Amino acid sequence: MLVEVIRTLYSYNRWATERVLDAAGRLTPEQLHAPGEAGHGSIHNTLLHIISTQRSWLSWWDGSLSPEEAYRFRLNPTDYPDLLSLRRAWEELERDTAAFVSRLSDDDLQGIREMPLPDGNVFRPALWQMMLHVANHGTQHRSEVAAMLTHFDCSPGGLDLLFYLWPRGAS
């Protein structure tokens, strides 16, 4: 059952982020990069942070990076100067995320991962805990981007989970 919750949450995560990216498509380049009151300084930088963070965690989970490499991973902002490059990075990340999520089982989600921390402690979360964190992290930063988009009269509209579930026949 937990695997279905995770799949639903990541499907929602994709839907909500794409709504935000669509709304950002109505911005001028100056608005995309304008300093904002929330997030990581601008809509561009906050979107890049969402993508970079999810990529780093996914790279740990799927084994393409060690925990230490994933912890240090950051996308270079100069490689993603505009919305088109951010959208391409998101689409690639989303394909990889969907493939990873589709292979999961409830047993996989219970698996414990370990990562040494700089202070000498060891972080030992279950995969499901990390996956909930990353989805929740995306929700936080999407809301910051949504507020900045609204400032430019480009609101993405409702991003609540219920707005995702209702049209899909959830009871």
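Taken together, the values in this text are just the output of simple stated rules run on the coordinates, not laboratory data. Because the structure is predicted, anything quoted here is derived from the model rather than measured. Cβ coordinates were reconstructed from backbone atoms using ideal geometry, including for glycine residues, and neighbour counts include every protein chain displayed.
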Seminar exercise, completed: In the set T17, T28, the lone residue that is of a type in the set (V, I, T) and over 17 Å from the mean Cα position of the chain (by Cα) is T28
For this session: Return yes when Y10 is under 14 Å from the mean Cα position of the chain (by Cα) and either over 14 Å from F152 (Cα atoms) or part of a loop (DSSP other than H, G, I, E, B) (or both) and no when it is not.
Result: yes
Exercise. If a residue has to be farther than 29 Å from Y71 by Cα, part of a helix (DSSP H, G or I) and polar (S, T, N, Q) to count, how many in the stretch 22-53 make the cut?
Worked result: 1
Problem set entry | Of all residues making up the stretch 103-149, the number that are more than 17 Å from the chain's Cα centre (by Cα), more than 30 Å from P35 (Cα to Cα) and of a type outside the set (K, R) | 21
For this session: Enumerate the helices (runs of 4 or more DSSP H) found wholly within the stretch 57-153, keeping only those where 1 or more residues are in contact with a Gly (Cβ under 9 Å, 6 or more places away or on another chain), under 18 Å from L47 (Cα atoms) and touching a residue at least 12 places away in the same chain (Cβ under 8 Å).
Result: 83-102, 127-151
